[in-house]
Amino acid sequence: MLQKRGLYFSVIRQYDKVLAVVVLAALLGSLFLLARSAAESTEWKRNYEKNVRNMRPTFATLTPASTSSFEMGVRSLRQPQSVRLSSTNESGLFTPQNRVWCVECMYPTPFASTVCSFCGFKQPPREGDLPGPEALDPDPEGKGIPNSWRKKYFNQPFALAENRSRWNDDADEDGFMNLMEFESGTSPRDPKDHPDWIQLVRFKEISTRQYPFVFTGVNKMPGGDMQLVLNMKGGDNRTYWVKRGEPIGKTGFIYSNCTPKVESVVVPGVGGVQKITRYEAELLRPADGKLFLLRDNEPHAKLEQDLALTLTIAGKTTEYHASTDGFLDMEGERYKVVVNLGVDDKPISVVLENLRSGKKTTVPVGAP
C-alpha cells in the first residue's frame, strides 16, 4: 500500500511535465495533419490547372449572327421602296397603294382605313368620311364634329369651354349636347331648333298596376240587364252603380258587358262541392281601345304592366306612364309602346314608334 501511495505522489509531483508531453504530442499530430492536407490541396490545384489547360471546345467555333436582315427591315420601314409598274402591264405581283402614317403608332396604314391596320387606333376623318365641304376638316376631339361646323355656329374652329363649343356642351340649353345637334343637323345656338325629344327619354321602371276599384257584385235590372257595383280603392270610399255603356267615374273605363259563369267550388271544412255563380265584366278603355276582363270579388286583380319613362329638358324632369303594350302621348306626339321582356319580366328593350312618322326609337334600359 505504501508503494501505491508513493507512485501516486510521484505522478502528482510530475503532473506538469506529463501535461506538457501530452500537449506537445497533440501539436505535433496537428502539424502533421496540416502538412498532409496542404500537400493534397497543392496536388488538387495542380491537377485542376492542368485539366483547364488541356480543355478543348466540344463544338466548332460559331460565326457571329448577321444583322443585315434586321437592318434591311428597319430601312424598309423608315424608307419604303416604291414599285413602279409599266404603263402597258397593269397586272403583276405588286400593286401600288396609298398609305399614311398612323397618328398613334406611326406605321403605314391604308389611306382609306378608319382604324390603323397595325394598332387598331381610330384615325382622323379624311376625304370622303364626312359629307360635303367638311370632309377634309380636322376633328380635334375625335367625336366627328368638324372645325368648319364650329366656325359656322361659334365663329371659331376650336372646341372651347368658354363658348360651350365642345362636343358634350349644351350651348343653347335645350337639353341636347352639341354632338346630338350636329348629328341631327340642328342649330346648337337656337333652343327652338333641336333634335327629336325622344332622344332624351330614359327608362325608369316597370311595375304592376292594379284596378282602381273592386267589382263587388251585380244588380239585375228589369229587362234582364245587369248593373255593376264597384267600390273605389285608395282612400276613395265612393261606390258606383254603373249601367252598360256608362263610364266608371273618372277612371277612364266604360262598362261594356257582363257574363255570369257557374263554377264548382269545394266547401271549406265540409269537403263537399257546390256550384256558385261568378260574374266577369268587360271593361273598355277608350283611350287605346283595349278591353279588360275583371271578375267579381278580386280586390287585388292585376290590370296591366305599367311602364315609367322620364324626359329631362333644360334640367326639368317629367315622368310619363303607359302600359307595356299601349300608347304614349308625349310633347305633342303619339307613340306605340313595345316592351320586350326577358326572365322574371325584366325589360330587355323598350321601343317607341312614332305613329306620325313611323320612326322607331330604342330607349336605353338600365338604372335611372
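The values are calculated or read from the model by the stated rules, or taken from the named source; none is laboratory data. What you are looking at is a predicted structure, and each value in this text was computed from that prediction instead of being measured. We place every Cβ from the backbone using ideal geometry, glycine too, and count neighbours over all the protein chains shown.
For the stretch 342-363, the candidate set comprises residues that are surrounded by 14 or more Cβ atoms within 10 Å (Cβ to Cβ) and touching a residue at least 40 places away in the same chain (Cβ under 8 Å); within that set, the residue that is farthest from LEU200 (Cα to Cα) is PRO347. All conditions in (1) at pLDDT 75 or above; (2) assigned to a loop (DSSP other than H, G, I, E, B); (3) over 30 Å from PRO146 (Cβ atoms); (4) charged (D, E, K, R) hold for GLU104, with the sole exception of (3). Scanning the stretch 258-287 for residues that are more than 19 Å from LYS302 (Cα to Cα), assigned to a strand (DSSP E or B) and not hydrophobic (A, V, I, L, M, F, W, C) yields THR259, PRO260, LYS261, GLU263, SER264, GLN274, LYS275, THR277.
In the list GLY217, GLY245, GLY223, which residue meets the criterion of being part of a strand (DSSP E or B) and over 30 Å from SER357 (Cα atoms)?
On the way: GLY245 fails: part of a strand (DSSP E or B); GLY223 fails: part of a strand (DSSP E or B).
So the residue among GLY217, GLY245, GLY223 that is part of a strand (DSSP E or B) and over 30 Å from SER357 (Cα atoms) is GLY217.
Of the residues VAL242, VAL229, VAL214, VAL218, only one is touching a Ser or Thr at 6+ places or on another chain (Cβ under 8 Å) and modelled with pLDDT of 85 or more; which? On inspection, the qualifying residue turns out to be VAL229. Just a yes or no: is a residue in the stretch 292-301 charged (D, E, K, R) and assigned to a strand (DSSP E or B)? There is at least one residue in the stretch 292-301 that is charged (D, E, K, R) and assigned to a strand (DSSP E or B). Output the residues belonging to the stretch 168-182 that are at pLDDT below 85 and either polar (S, T, N, Q) or surrounded by fewer than 17 Cβ atoms within 10 Å (Cβ to Cβ) (or both). The one that is at pLDDT below 85 and either polar (S, T, N, Q) or surrounded by fewer than 17 Cβ atoms within 10 Å (Cβ to Cβ) (or both): GLU173. A single member of THR312, THR317, THR239, THR277 is under 30 Å from ASP169 (Cα atoms), free of Cβ contacts under 8 Å to residues at least 24 places away in the same chain and either within 50 Å of the chain's Cα centre (by Cα) or not assigned by TED's automatic domain parsing to the domain that holds ASP344 (or both), and it is THR317. Residue check: ALA287 meets all listed conditions (1) within 17 Å of PRO212 (Cα to Cα); (2) at pLDDT 90 or above but one, namely (2).
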